[in-house]
Amino acid sequence: MKISKECYLCIYNQVFNITERLNLDEETASKVLREGAKKLSFYDLSFEPPIIASDVYESVAEIVKKRDLFEKEKKEAIKEALKFKPILKKRLSKSKDRLYDACKIAVAGNVIDLGVNQEYDLQKEIKRIFEMKFFKDDYLLLKNKILNAKKIAYLADNAGENVFDELLIETIKEYNPDVKIYYIVRGKPIINDVTIDDLKGLEIFNLADVIDSGVDTPGFCLNKANKQSKDIFYNSDLVISKGMGNFECLYNECQREVFYLFKVKCDVVARASGAQKNEYMLFKGIK
């Protein structure tokens, strides 16, 4: 998915928000903002938004001398998400269709996005998630794929969201005990996207093979992916892609079937996916 004119302003606003979040002094903030504008000027409309964002965020990290700009926020998001896990697990155990409700739980976690949203209300999102309806709903197609898959590539998105992914992956394995699941994460810190380091000590390692993609963009951009993750992506029977960043990198670009699971948080993605802002999506993308 290529950028639209709104993406320039969105990314620049993210740069400004970083200066506020890090409480930078005027001189440093000025340098960050000028460098952000300079980087943005290099890119025309032929690029995907995550590619541009990666370049911009890397320049910010170099200026402020901080490798992981959202390290604190990621830890807090995971800690908060873990509080909800036993409640959601109990609710899931009483579900008439555990796999469908596990998909809803996973997509609820997609609200944790500090690129688009500077604030989010996870508790509010969870309260209404079981009653929500997907704007596009290819669940039955996904369920059939899950039941018959031998290998699944699950593309992770944000820190904190991974806790809800665990519940979906655990449920998938209940429906298909023999399936091999690969949980593919970012190769280095970028915004609040999850990396292997963020997952240390969590249950995901008991549920799936956690794979470092090598990707330094806030989305699984194939031309940035290492050989291992790219091979898994193309050779798996099913790909489940979480979040807008992965959608932006893969939709109409990857030449294979992908099931996208995310909350629509901006007008550009809404137009590209044929949805409306703030709607939830579970749909099979075209090749």
Out of segment 251-281, which residues are under 30 Å from ASP178 (Cβ atoms), among the hydrophobic types (A, V, I, L, M, F, W, C) and either without any contact (Cβ under 8 Å) to a residue 40 or more places away in the chain or outside the structural domain of PHE220 (by TED's automatic domain parsing) (or both)? CYS254, VAL258
Which residues, counting only those in segment 68-103, are in a helix (DSSP H, G or I), more than 30 Å from ARG21 (Cβ to Cβ) and among the basic types (Lys, Arg)? LYS89, LYS90, ARG91, ARG98
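Among the residues of segment 140-158 satisfying the criterion of being of a type in the set (D, E, K, R) and surrounded by fewer than 21 Cβ atoms within 10 Å (Cβ to Cβ), which is farthest from LYS242 (Cα to Cα)?
Restricting to residues being of a type in the set (D, E, K, R) and surrounded by fewer than 21 Cβ atoms within 10 Å (Cβ to Cβ), the top hit is LYS150.
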Could you please give the count of residues in segment 104-138 that are in a loop (DSSP other than H, G, I, E, B) and modelled with pLDDT of 75 or more? 7
Out of everything in segment 3-20 that is assigned to a helix (DSSP H, G or I) and in contact (Cβ under 8 Å) with a residue 60 or more places away in the chain, what residue ends up being farthest from ASN246 (Cα to Cα)? ASN17
From the list ILE181, ILE172, ILE191, exactly one residue is more than 15 Å from GLY285 (Cβ to Cβ), modelled with pLDDT under 95, of a type in the set (A, V, I, L, M) and touching a Leu at 6+ places or on another chain (Cβ under 8 Å). Which is it? ILE191
Only one of PHE16, PHE47, PHE84 is closer than 29 Å to ASN162 by Cβ, assigned by TED's automatic domain parsing to the domain that holds ILE191 and surrounded by 13 or more Cβ atoms within 10 Å (Cβ to Cβ), namely PHE84
Under the condition of being hydrophobic (A, V, I, L, M, F, W, C) and under 23 Å from ILE51 (Cβ atoms), which residue from segment 19-39 is surrounded by the fewest Cβ atoms within 10 Å (Cβ to Cβ)? ALA37
Unmet criterion (only one of (1) over 18 Å from CYS7 (Cα atoms); (2) in contact with a helix residue (DSSP H, G or I) (Cβ under 7 Å, 6 or more places away or on another chain); (3) in a loop (DSSP other than H, G, I, E, B)) for ASN252: (2)
Of (1) among the hydrophobic types (A, V, I, L, M, F, W, C); (2) surrounded by fewer than 20 Cβ atoms within 10 Å (Cβ to Cβ); (3) more than 21 Å from ALA159 (Cβ to Cβ), LEU238 satisfies all except one. Which? (2)
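Residue-wise test of (1) on the phi < 0 side of the Ramachandran plot; (2) among the acidic types (Asp, Glu).
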position	(1), (2)
ASN192	yes, no
GLY201	no, no
PHE205	yes, no
ALA208	yes, no
ASP216	yes, yes
PHE220	yes, no
ASN226	yes, no
ILE232	yes, no
SER241	yes, no
Members of segment 21-30 found to be in a helix (DSSP H, G or I) and within 20 Å of PHE70 (Cβ to Cβ), listed by number: ARG21, THR28, ALA29
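The values are calculated or read from the model by the stated rules, or taken from the named source; none is laboratory data. As the structure is a prediction and not an experimental result, all values here were calculated from the model. As a convention, Cβ positions derive from the backbone with ideal geometry for all residues, glycine included, and neighbour counts pool all protein chains shown.
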